[in-house]
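Asks: Below is the structure I would like to discuss, written out as structure tokens.
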Amino acid sequence: MTDRPQTPHLDRIQSLADLRDLSDADLRRVADELRTETIDAVSHTGGHLGAGLGVVELTVALHAVFDTPRDRLIWDVSHQSYPHKILTGRRDRIRTLRQKDGLSGFTKRTESPFDPFGAAHSSTSISAALGFAVARDLGGAPDPSLGDAIAVIGDGALSAGMAYEAMNNAGALDKRLFVILNDNEMSIAPPVGAMSSYLSRLYAGAPFQELKAAAKGAVSMLPQPFQSGARRAKDLLKHSVIGGTMFEELGFSYVGPIDGHDMEQLLPVLRTVRARATGPVLIHAITKKGKGYAPAEERADRGHATSKFDVMTGEQAKSKPGGPSYTSVFAKALLAEAAEDERVCAVTAAMPDGTGLTKFAERYPSRCFDVGIAEQHGVTFCAGLAAGGMKPFCAIYSTFLQRGFDQVVHDVALQGLPVRFAIDRAGLVGADGATHAGSFDVAYLANLPGFTVMAASDEAELMHMVATAAAHDDGPIAFRFPRGEGRGVELPKKGEVLEIGRGRMIREGKGVAILNFGARLGEVEDACEALASRGITPTVADARFAKPLDREMILGLARDHDALITIEEGAVGGFGSHVAQLLAEEGVFDAGLVYRSMVLPDTFIDQASPREMYDAAELNAEHIERKVLSVLGVESIARRA
């Protein structure tokens, strides 16, 4: 007896050839069962639920109509790809999603030939699809029969400038290319900006059922020559404010809007455009995140990200209570600063909840800005705010801040503007894997002249760093903190302003000094407890600052100890590299100091639990203990540890 859902039609799909042999009626049944299977799978693993449920019918229709993987299907962001994975030979592993050695939560080229392009950040699909289309026409593929390129992009992702750069280029090149606009009206946060308003106006003038009827009428005409059918489809919607004019100005033939959950619309439209298109085509499909699962539909984020849950009730598994999350501590500290200074404001790029700014927006709506999926604009917008006398906090995940690096350099650092960068999800993040790891921000920020770079070792330190950033007007400043719960330390009522470039001593010891930067301090202290049983008592210091370095403290540690070890949750080129440069300049190595740095390895670490990922990176307590033993020359003990 199994508690798996009954899916007789889906069970018949052993390959996509089986799917393509089905009648349209059976394809609808497969879609229903695929939705049930997706819900059950995510209930076991957690993950992105709502996005996948919103594209179930679209997934079935695309694979039934197009010749994947010969035709390249590219999912933007790709957190909606779970149904796609089930249909493309990975159903037997779908309950390993986002787990160690399991399926990725995103598309991944090394995982399947049905994943022609990896993704996890948004707005890349049209550029990649255009690349495939041009490669096809130039004969670049080993397989000369390389087929069509299809990009599926959401309305939230379409708010990013990169999508328009790609569409503009695609229109100019006039290559045969399909873009499916998956317009679900609800990205992670409510879509913002002019693009969202434009899409809303496409169907705001009449009830959705009237538009649905109009679109069905358009479908009946589409088998006629493509251009005529598309024109009639648009004419049926002439009472919309502007129809598909903007897309057509970019060089795309526009078809829609159609109901993305109605197979009677999807299948004929896709078959017709595939048969008749010669240039780029945009198909506008209206969908609903969380479709078909009431607990997801009723959530404000439509089940964007969920932990394991009970399928019947939708109730999510609760984690054991611990310290407050770093994100919530940041939010509380920022509110305290904003209450005392009306110039404090906050900017996020489509992640108000993830970055902790939801409460800030509720209390100070005129001082909180969600710029949409537009990190480049968000950074320069903050630069303008700072130049105008405000105190902007640019709250962006480490992995997403990478997208605004040019703006960080030219618009912020070069002009010495006091933008405050609150960098969430620093270090390894668990189930989202390598695509979302915050590995590189210290390396690329600390190399910029005039930048101050901090890392919180616990949640109390984070409060102090928020206060320090708010008080800092002498150039840009950044502070980073990890995902998840804090260490449970006692929190002050309000953060204190730290002296710039000044670290702190944690414990005095002898022989070897450990210089921590960031949230590995708890692991350092656990390692010291284990070393104490061997009679080894390292000195421990918390650097707080990667730039400027606490020269006095670091040189003192080097002078008074035989060995110095730095530890950070970042890549080579970050904190440890700056310390090594200082020691080399001061001639410390000439005196015989043994120096080692513990950093993230020069590889991308696949998804697992954070503990398992830091095991792979060799940055947990046992690895720190082993490193100390090694530098002290206790090699045999180190190998047995």
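Asks: For segment 472-524, would you read off the P(r) tail past 14 Å as a percentage of all alpha carbon pairs? Walk me through the intermediate numbers first.
Replies: Values: 988 of 1378 pairs.
When all Cα pairs of segment 472-524 are counted, 72 percent exceed 14 Å.
Asks: Next question, about the same structure. How would you rank 127-140, 30-43, highest first, on the average number of other Cβ atoms within 10 Å across their residues? List each step's numbers first, then the result.
Replies: Details: 127-140: 17.4, 30-43: 22.4.
Descending mean neighbour count gives 30-43, 127-140.
Asks: How do 571-584, 276-289, 343-356, 499-512 rank on mean C-beta neighbours within 10 Å, highest first? If you can, show how the numbers build up before the last one.
Replies: Details: 571-584: 19.5, 276-289: 22.0, 343-356: 23.9, 499-512: 15.4.
Descending packing order for the listed peptides: 343-356, 276-289, 571-584, 499-512.
Asks: Could you tell me which of the pairs Lys289/Lys391; Lys318/Lys627; Lys494/Lys547 are separated by over 28 angstrom between their Cα atoms in the structure shown? Working shown, then result.
Replies: Details: Lys289/Lys391 36 Å; Lys318/Lys627 36 Å; Lys494/Lys547 24 Å.
The answer is Lys289/Lys391; Lys318/Lys627.
Asks: Let me ask something additional. Name the shape class, rounded, prolate or oblate, that the alpha-carbon gyration tensor gives for segment 309-355, where a ≥ b ≥ c are the square roots of its eigenvalues, rounded holds for a/c under 1.5, and otherwise prolate holds if a/b is larger than b/c and oblate otherwise. Before the final figure, lay out each step's value.
Replies: Values: a/c = 4.03, a/b = 2.12, b/c = 1.90.
Prolate, since a/c reaches 1.5 and a/b exceeds b/c.
Asks: Considering amide H positions built from the backbone, and no H for Pro or chain starts, which residues 5 or more places from Gly54, or on another chain, come under 5 Å of its amide H?
Replies: Amide H to amide H, under 5 Å and 5 or more residues apart or across chains, Gly54 pairs with Gly290, Lys291.
Asks: Stokes-Einstein at 37 °C, 0.692 mPa s, Kirkwood radius from Cα pairs: D for the chain in µm² s⁻¹?
Replies: Working: Rh = 26.5 Å.
After rounding, the answer is 124 µm²/s.
Asks: Additional query: At a threshold of 8 angstrom on Cα-Cα distance, excluding pairs fewer than six apart, so keeping six or more, what relative contact order does the chain reach in percent? Kindly include the intermediate steps, with their values, before the conclusion.
Replies: Values: 1323 pairs, mean separation 70.1, N = 641.
Contact order relative to length: 11 percent.
Asks: Still on this structure, I have one more. What is the spin-label model distance, in nm, from Thr96 to Lys308 if the labels are put 7 Å beyond Cα along the C-beta direction?
Replies: 1.8 nm
Asks: Does segment 326-480 come out rounded, prolate or oblate, given a ≥ b ≥ c as the square roots of the eigenvalues of its C-alpha gyration tensor, rounded meaning a/c under 1.5 and, failing that, prolate meaning a/b above b/c? Each step should come with its number before you reach the end.
Replies: Values: a/c = 1.28, a/b = 1.07, b/c = 1.19.
Note, shape of segment 326-480 comes out rounded.
Asks: If the limit is 28 Å between Cα atoms, which of Lys291/Lys332; Lys288/Lys359; Lys108/Lys291; Lys100/Lys493 go over it?
Replies: Working: Lys291/Lys332 34 Å; Lys288/Lys359 26 Å; Lys108/Lys291 25 Å; Lys100/Lys493 39 Å.
Listed pairs above 28 Å: Lys291/Lys332; Lys100/Lys493.
Asks: For a quick size check, give me the Cα extents of segment 257-378 along its three principal axes, largest first, whole Å.
Replies: Cα extents, longest axis first: 62, 40, 18 Å.
Asks: Place the peptides 78-84, 367-373 in order of packing, highest mean first, counting for every residue the other Cβ atoms within 10 Å and averaging per peptide. Can you show the working numbers first?
Replies: Working: 78-84: 27.3, 367-373: 23.1.
With the highest mean Cβ count within 10 Å placed first, the list reads 78-84, 367-373.
Asks: Based on the Kirkwood radius over alpha-carbon pairs, what value in µm²/s does the Stokes-Einstein equation return for the translational diffusion coefficient of segment 521-641 at 10 °C and 1.306 mPa s?
Replies: Details: Rh = 15.2 Å.
Answer, rounded: 104 µm²/s.
Asks: On to the next question. For Tyr397, which sequence-distant residues (separation of 5 or more, or a different chain) have an amide H within less than 5 Å of its own amide H, given hydrogens modelled in the peptide plane?
Replies: Asp424
Asks: Just from its helices, what would the mean residue ellipticity at 222 nm be for the chain, if runs of 4 or more DSSP H residues each count -39500 (n - 2.57) and the sum is divided by every residue, rounded to the nearest 500 deg cm²/dmol? It would help to have the intermediate numbers written out before the result.
Replies: Numbers: 26 runs with 248 residues, N = 641.
Counting only the DSSP helices, I get -11000 deg cm²/dmol.
Asks: Excluding Ser328 itself, calculate the net charge of residues whose Cβ lies under 13 Å from the Cβ of Ser328, where each Lys or Arg counts +1 and each Asp or Glu counts -1. All intermediate terms of the calculation are to be shown ahead of the outcome.
Replies: On the way: positive: Lys332, Lys359, Arg483; negative: Asp353, Asp424, Glu459, Glu485.
Net charge in that neighbourhood comes out at -1.
Asks: Of Gly570, Val594, Ala617, which is farthest towards the positive pole of segment 504-640's charge dipole, taken about the Cα centre with +1 and -1 on the beta-carbons of Lys, Arg and Asp, Glu respectively?
Replies: Result: Val594.
Asks: I want the antiparallel fraction of DSSP beta bridges within the chain, as a percent rounded to 5.
Replies: On the way: 9 of 66 bridges.
Just about 15 percent of them are antiparallel.
Each value in this text was obtained by applying a stated rule to the coordinates, not by laboratory testing. Here the structure is a predicted model, which means the values were calculated and not measured. Note that we place each Cβ from the backbone using ideal geometry, even for glycine, and neighbour counts take in every protein chain shown.
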